[in-house]
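*Asks:* Next up is a structure, given as structure tokens.
The values are calculated or read from the model by the stated rules, or taken from the named source; none is laboratory data. Just so it is clear, the structure is predicted and the values come from calculations on it, not from any experiment. With ideal geometry, Cβ positions are generated from the backbone for all residues, glycine too; neighbour counts draw on all protein chains shown. Keep in mind that these areas ignore ligands, DNA and RNA; they rest on the heavy atoms of the full protein, side chains included. Shrake-Rupley method; radii C 1.70, N 1.55, O 1.52, S 1.80 Å.
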Amino acid sequence: PGGGGGRRLRGTGEAVAASAFLRRNGLRLGDELCLEKGDRSEKVVVVGEFMEVDTRLLVTDRSTMTALSPGEKPIAYHVKLRDSADPDAYARAARAADPGISPSPRGPDTTTQTIVGSAAVLTLMLAVVASLGVFNTVVLNTRDRRRDLGMLKPIGMTPRQVTAMTVTSMAVLGALGSLLGVPLGVVGHHLVVPRMAEAVDLTLPSYMTDVWQPLAQAGPASAGLVIAVLGAYVPARGAARLPVAEVLRNE
């Protein structure tokens, strides 16, 4: 199942339940559940969980379903093809073999693609806004110190040394911001995302929540440093090139 945990069906007497179904009925993986229809009943063990908000959805094997309701007829079959198979070719072959069936090949999960795409766009927008905020702060801070930086030239510092000193000081601030911001972002993710899923009766699998790997954190951690350096370089270079006479006149 593509969901909160457990495993797929392996035989009779097992069931895989929707997250919302488990929450509503107070069940957990490994619990036994009695299914009833008319005067028939069957006991199944919940062995897996999948993401679904339908509070009545439960999946079991064909033999369990037949024992519970012998007269029930299937209304659809789900066929999983090999990765190299052509879904359209399979549908044409199935339709030619039995004109009474209507195969409908399913492509990628459009709902999942929409969610992932929306999250990616939102993340990119937030990253751009945050980057512009950091860049603006660094530029204004460096411009405010323009005269102070220019005064370093009369005491013997070269323009290159003034630029390097300013960029280095801003790089330190950017590195400190990354060291604080990345852990806070990870903590916020672990606090907010599970509660958002709980609000809609979903249990997210670990592969959807354990996304903060060392390589994934390297990008955001270095972004603050790069933005600070880029934001400080141009105004620092301009301040370092100020003529000494102009600096002294302004003072």
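*Asks:* When only Cα pairs under 8 Å and 6 or more residues apart are kept, what is the percent relative contact order across the chain? All intermediate terms of the calculation are to be shown ahead of the outcome.
*Replies:* Details: 291 pairs, mean separation 55.3, N = 251.
Worked out over the chain, it gives 22 percent.
*Asks:* Give the long-range amide H neighbours of residue 58: residues separated by 5 or more places, or on another chain, with amide H under 5 Å away, using H modelled in the peptide plane at 1.01 Å from N.
*Replies:* none
*Asks:* Using 0.36 nm per residue of separation minus the Cα-Cα distance, give me the extension gain between residue 147 and residue 45 in nm, one decimal.
*Replies:* 29.2 nm
*Asks:* Out of 218, 203, 76, whose Cα points farthest toward the positive end of the dipole of the chain (charges: +1 Lys, Arg; -1 Asp, Glu; placed on Cβ)?
*Replies:* 218
*Asks:* For the chain, with only Lys/Arg (+1) and Asp/Glu (-1) charged at the beta-carbon, what is the dipole magnitude about the Cα centre, in debye rounded to 20?
*Replies:* Charge dipole of the chain: 1000 debye, to the nearest 20.
*Asks:* On the full set of protein chains, 1.4 Å probe, figure out the accessible area of residue 95 and give it in Å² to the nearest 10.
*Replies:* Only protein atoms counted, so the area is about 100 Å².
*Asks:* To test your reading of the geometry: what angle, between 0 and 90 degrees and rounded to tens, separates the Cα axis of helix 87-97 from the longest principal axis of the chain?
*Replies:* 20
*Asks:* Shifting gears a bit: For the chain, with every protein chain kept in place, what is the accessible area per residue (1.4 Å probe, Å²)?
*Replies:* Value for the chain: 68 Å² per residue.
*Asks:* Also, I was wondering about something else. With every protein chain kept in the model, how would you rank 186, 116, 229, 46 by accessible area, 1.4 Å probe, largest at the top?
*Replies:* 116, 229, 186, 46
*Asks:* Now for a different question. Where Rh denotes the Kirkwood radius from the mean inverse Cα pair distance, what is Rg over Rh for the chain?
*Replies:* Answer for the chain: 1.27.
*Asks:* Can you give the accessible area of residue 131, probe radius 1.4 Å, in Å² rounded to 10?
*Replies:* Looks like 40 Å² after rounding.
*Asks:* Here's something else I'd like to know. To the nearest 10 Å², what's residue 165's accessible area with a 1.4 Å probe?
*Replies:* Its accessible surface works out to 80 Å², give or take rounding.
*Asks:* By a straight-distance test (C-alpha under 29 Å), which lysines pair with residue 73 as possible cross-link partners, with residues fewer than eight away in the same chain excluded?
*Replies:* Within the straight-line cut-off, residue 73 pairs with 37, 43.
*Asks:* Treat each spin label as a single point 7 Å out from the Cα along the C-beta direction, and report the residue 86 to residue 172 distance in nm.
*Replies:* A separation of 6.6 nm, rounded to one decimal place.
*Asks:* Further question on the same structure: Grab every C-alpha pair in the stretch 110-246, bin the distances at 10 angstrom width from 0 up to the longest one, and report whole percents.
*Replies:* Reading upward from the zero bin: 11, 31, 24, 16, 11, 6, 1.
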